[in-house]
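Notes for the one structure printed next.
The values are calculated or read from the model by the stated rules, or taken from the named source; none is laboratory data. The shown structure was predicted, so the numbers you read here are calculated from the model rather than taken from an experiment. With ideal geometry, Cβ positions are generated from the backbone for all residues, glycine too; neighbour counts draw on all protein chains shown.
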Amino acid sequence: MTTLSLSHTPASTTPARCARIAVYLEPSAPPTVSEIAGDDLGMLIERIFEAVARWAKLPIIAIREVIENLVHADFRDALVSVLAGGHVIRVSDSGPGITDPERAMQPGFTTASAHERTVIRGVGSGLPLAATVMDAEGGTIEFAENLGGGTVVTLSTPASVIDDDSETSVMPGADDRLIMALLLEMGPSTPERLASELAWTIGRCGRELVVLESRGLVSRDLDGRRTLTPSGSRLLSTLF
């Protein structure tokens, strides 16, 4: 009798999650679809955000907050659709859904678990912030039940209301100043490299970069690297 010895590779304790990105370049043509997967949830959020932000024509802070919300659904059947030339972003999942959208839009209400709070803020500020930003830009945020369960969040804004080169008089906080100083020292850098240098999570670093980008202080290349803008360099010179 022959005995077979089978070697086992232990399964990962954190199975890879994934999300599909569907970009509709033409209304009458099928979308271009790609899939992003990963074990590190913070990194996965960052990669999904990068893939969507390059096409989007609406507030990036709102996009980031809604994509982070996929953590609550454990990325089950996560799909992000880019429509209307980037003026509509639709994020859907097959998670537990939002039973009370009205309460979900009030600051402080959250269902984030202890584990989820290591990836996202988890203090009930994400969706209210997204709604506030969208409203300020003349846009909307809408919630609907997905087919078979889950949530669909749609962000939409009128054409030509977003100006990526706009500046703001709001002074950056301590974390923002650290990132700006590091970018000045290292030059164009990915969020992963910045997070490593600062000993931060990728989620924390990514959120701060989104804020800086929305204020016109940091720009984003197609490959995801961030660079100080001339406005950012000028402001930084007055802070130190």
Subset of the range 67-85 that is of a type in the set (Asp, Glu) and at pLDDT below 95 - its residue that is surrounded by the fewest Cβ atoms within 10 Å (Cβ to Cβ)
Asp74
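Being outside any helix (DSSP H, G or I) and either in contact (Cβ under 8 Å) with a residue 40 or more places away in the chain or closer than 17 Å to Leu236 by Cβ (or both) is the filter here, so list the residues in the range 170-207 that pass it.
Of the residues in the range 170-207, the ones outside any helix (DSSP H, G or I) are 170-173, 187-190, 199-201.
Residues satisfying the conditions are Val170, Met171, Pro172, Gly173, Gly187, Pro188, Ser189, Thr201.
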Can you pull out every residue in the range 224-240 that is in contact (Cβ under 8 Å) with a residue 24 or more places away in the chain, more than 14 Å from Leu182 (Cα to Cα) and of a type in the set (S, T, N, Q)?
Ser231
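Would you check if Ala199 is at positive phi and either in the same structural domain as Leu44 (by TED's automatic domain parsing) or surrounded by fewer than 18 Cβ atoms within 10 Å (Cβ to Cβ) (or both)? Lay out the reasoning, then the answer.
Working: at positive phi: yes; either in the same structural domain as Leu44 (by TED's automatic domain parsing) or surrounded by fewer than 18 Cβ atoms within 10 Å (Cβ to Cβ) (or both): yes.
So Ala199 passes the test.
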Looking at the range 208-240 only, could you name the residues that are part of a helix (DSSP H, G or I), farther than 21 Å from Met43 by Cβ and aliphatic (A, V, I, L, M)?
Leu235, Leu236, Leu239
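Can you list the strands (runs of 3 or more DSSP E) found entirely within the range 10-111 that contain at least 2 residues being within 25 Å of Arg225 (Cα to Cα) and among the hydroxyl-bearing types (Ser, Thr, Tyr)?
Values: elements: 17-23, 32-38, 78-83, 88-92.
Qualifying strands (runs of 3 or more DSSP E): 32-38.
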